[in-house]
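First up is the structure itself, then whatever we jot down about it.
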Amino acid sequence: MTGPLSITLNINDNIIFLIYFFIGIGFGFFLERGGFGNSRKLALQFYLRDLTVFKVMFTAIVTGVIGLTFMDSFGWIDMDLIYINPSYLWPGIVGGLIMGVGFAVGGYCPGTSVVGLATLKQDAIFYILGSLFGMFIFGETVPMFKKFFYSGHLGDRFVISKATGMTMGQIGFIIVIVALLGFVGAEKLEKKFGEKE
Amino acid sequence: METKKYTNPYLAGVGLGLVMLIAFWITGLGLGASGAMMRTVVAVEKAVAPDHVNENFYLKKYGGEDKNPFEHWLIFEILGVFAGGIISGAFAGRIKKETNKGPQISNRKRWIFAFIGGGFFGFGARLARGCTSSVALCGGATMVVGSWITMIAIFAGAYMAAWFVRKLWI
């Protein structure tokens, strides 16, 4: 069956909502399994002492890249029908840098803070309240910098293959190789800087 | 119950990746997190000042006119994330009231900085149109130019800021 099934089988929204509850369970489960409920474990990546985040995240990305590339070539998924994040260069860079500061200071990112809350981490509660406040401020102030918010628009479905003229498989292959080298590097860094348990 | 060790990171990563692939295959939408928080903010604003939400181009997208900000897949997904965290934490004996922090600071100080950090992340996530879940994870897997740039910016910002806040963690 060619995915996304919601479109090809025309699935009702309420059923999608229910399915998403279960997808969320899987998401939260593996985040917690990986240690992402613990803010200090997350933050120690920035001191090269614990590179779990890098390893989990890039393994997930590589799994996604390989999976989507195969599914596309098998005809199991129509890549033209799946959600692609729009590319707005300047707000993407500035927003990313601000998120980075928030990550180092706050220890969590939004998804992991929910897992922190689920496992009763008190700092996660304060992080979530802070996030809600930051988003409130954004919503209230974005009309003042609307032009910047829409600046540097590269395209709505601007994937790397389209930008470079290479195929999805070629880009995926490069990402996999770079990630594998990154994993080797991460293991070495952890041996050098890591905390002895 | 004894606390179990975390799963091997590569194994957890494959698990996360497979969940993402299933999400793409069934719904075509992938994963997210910060959008659910934004929707919560808009829902509160709408309850207090519905006209204000209608007048703001950004808030209107989420809860303008008769739109219910909570009627969205992200809300159900994030409830699932919470449940999944409880399930995994319970199996591993990790559900424990505590504050994670470096050895040099008090709980209170950690809470204040958690709030500040959350504030930055929340603002940045809306500016970049998504957080580590939808932009870095899903945008990374779908190989989107803007998402990879944002992902690199997140890590660049974090590694630069880390030195200044090292007392919080080490």
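Using 7 Å Cα-to-Cβ label points, what is the residue A:1/residue B:152 separation (nm, one decimal)?
3.9
Assuming R0 = 30 Å, can you tell me the calculated FRET efficiency for the pair residue B:160 and residue A:164, based on Cβ-Cβ distance, to the nearest 0.05?
Efficiency computed from Cβ-Cβ geometry: 0.60.
I'd like to know which of B:81, B:49, B:106 lies farthest towards the positive end of the charge dipole of the range B:12-115, counting +1 on Cβ of Lys and Arg and -1 on Cβ of Asp and Glu.
B:106
Across the Cα atoms of the range A:104-197, what radius of gyration and what greatest pairwise Cα-Cα distance (Dmax) are found, in Å?
Here Rg and the maximum Cα pair distance are 19.9, 50 Å.
Give me the net charge for the shell around residue B:54: Cβ to Cβ below 15 angstrom, other residues only, Lys and Arg +1, Asp and Glu -1.
-2
Let me make sure I get this right: for the range A:1-75, a, b and c are the square roots of the gyration tensor eigenvalues over alpha carbons, sorted descending. Under 1.5 in a/c it's rounded, otherwise prolate if a/b > b/c, else oblate. Which is it?
Oblate.
Starting from the residue with the highest accessible area, list A:121, B:109 in decreasing order, probe 1.4 Å.
In descending accessible area the options line up as B:109, A:121.
Per-residue accessible area for residue B:160 at 1.4 Å probe radius, Å² rounded to 10?
About 120 Å², rounded to the nearest 10.
Rounded to the nearest angstrom and ordered from largest down, what semi-axes does the equivalent ellipsoid of chain B get from its C-alpha gyration tensor (root of 5λ)?
Taking √(5λ) for each Cα gyration eigenvalue gives 29, 22, 19 Å.
Which of the GluC sites (Glu not before Pro) found in the range B:46-112 are in a DSSP loop and have at most 11 neighbouring Cβ atoms, other than their own, within 10 Å?
B:65
Looking at A:107, A:59, A:12, which one has the Cα that reaches farthest to the positive end of the dipole of the range A:5-164 (charges on Cβ: Lys, Arg +1; Asp, Glu -1)?
Looking along the dipole axis, the top candidate is A:107.
Which shape class applies to the range B:73-170: rounded if a/c is under 1.5, otherwise prolate when a/b exceeds b/c and oblate if not, where a ≥ b ≥ c are the square roots of the Cα gyration tensor eigenvalues?
Note, shape of the range B:73-170 comes out oblate.
Between the range B:83-122 and the range B:4-40, how many Å separate their Cα centres?
Measuring centre to centre over Cα atoms gives 20 Å.
Suppose every K and R has +1 on its Cβ and every D and E has -1 on its Cβ; what is the size of the dipole of the range A:19-86 about the Cα centre, in Debye to the nearest 20?
Charge dipole, the range A:19-86, about its Cα centre: 520 debye, nearest 20.
At 1.4 Å probe size, with no ligands or nucleic acids counted, give the accessible surface of residue B:91 in Å², nearest ten.
130
Could I have the simple spin-label model distance between residue B:51 and residue B:90, label points 7 Å from Cα toward Cβ, reported in nm to one decimal?
4.7
Which aspartates and glutamates have a Cα lying under 15 Å from the Cα of residue B:5, excluding residues fewer than 8 positions away in the same chain?
Correct list for residue B:5: A:32, A:50, A:197.
Taking the Cα centre as origin and putting +1 on Lys and Arg beta-carbons and -1 on Asp and Glu beta-carbons, what dipole magnitude results for the range A:46-173, to the nearest 20 debye?
I would put it at about 260 debye.
Once the convex hull of the C-alpha atoms of chain A is built, how many Å³ does it hold per residue, rounded to a whole number?
Enclosed volume per residue, from the Cα hull, is 161 Å³.
For n ≥ 4 DSSP H runs only, could you compute -39500 (n - 2.57) per run for the protein assembly as shown, divide by its residues and tell me the 222 nm figure to the nearest 500?
Rounded to the nearest 500, it is -21500 deg cm²/dmol.
Using the Cα centre of chain B as the reference point, and only Cβ charges (+1 on K/R, -1 on D/E), how large is the resulting charge dipole? Debye, rounded to the nearest 20.
Dipole size: approximately 880 debye.
Just check the protein assembly as shown against the gyration tensor rule for me: Cα atoms, a ≥ b ≥ c as the square roots of the eigenvalues, rounded for a/c under 1.5, and otherwise prolate or oblate depending on whether a/b exceeds b/c.
Taking the square roots of the gyration eigenvalues as a ≥ b ≥ c, the protein assembly as shown is rounded.
What FRET efficiency do you get for residue A:180 and residue A:157 if R0 is 25 Å and r is their Cβ-Cβ distance, rounded to the nearest 0.05?
So, using R0 = 25 Å, E works out to roughly 0.35.
The values are calculated or read from the model by the stated rules, or taken from the named source; none is laboratory data. Predicted model, so just to flag it, every value in this text is computed and none were measured. Don't worry about glycine lacking a Cβ; one is built from the backbone with ideal geometry, like all the others, and counts go over all protein chains shown. Areas reflect the complete protein model, heavy atoms only, side chains present, ligands, DNA and RNA absent. Shrake-Rupley method; radii C 1.70, N 1.55, O 1.52, S 1.80 Å.
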